[in-house]
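A.B. asks: Next up is a structure, given as structure tokens.
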Ligand SMILES: [Zn+2]
């Protein structure tokens, strides 16, 4: 899986989307399957990489982020503090490719990135399953 920062050309909103590969992104974009999550415009392009800072004055950016994040994690499996080892196992082909999320220390995350394991920080902290009332 690969994550791209995308930008809506109509509204200018930026968001993240996951694809199986760069080719998959190209094909989905060409087929008009990539939509802006805010205004459903299919007029999407890769966003210039930039710090993810909500625009000043945007209405309730946290709620938007939360919506995007829950969409991102829809098909993702929570692996808790096993995140670093699970990500490595997926990267090395020991286990089936799958989207997972969990917690990692800064050191673990740095080490994963150094080893070329594709990981991305989540925009918002999440409550692990089991800790929700
Ligand atoms: Zn839009």
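Derivation of every value follows stated rules applied to the coordinates shown; laboratory data play no part. Since this is a predicted model, take the numbers as computed values, not measurements. Cβ: placed from backbone, ideal geometry, glycine included. Neighbour counts: every protein chain shown.
A.B. asks: Taking the alpha-carbon centroid of each part, what is the distance from region 66-108 to region 1-45 in angstrom?
C.D. replies: Taking the Cα centre of each part, region 66-108 and region 1-45 sit 22 Å apart.
A.B. asks: Now for a different question. Output the relative contact order of the chain, whole-number percent, from Cα pairs under 8 angstrom with separation of 6+ residues.
C.D. replies: Dividing the mean separation by the residue count of the chain yields 19 percent.
A.B. asks: If packing is taken as the average count of other Cβ atoms within 10 Å, what order do 77-89, 103-115 fall into, highest mean first?
C.D. replies: Per-residue mean Cβ counts within 10 Å order the peptides as 77-89, 103-115.
A.B. asks: Please arrange 91, 101 by counting, for each residue, the other beta carbons lying within 10 Å of its beta carbon, fewest first.
C.D. replies: Listed from fewest to most nearby Cβ atoms, that is 91, 101.
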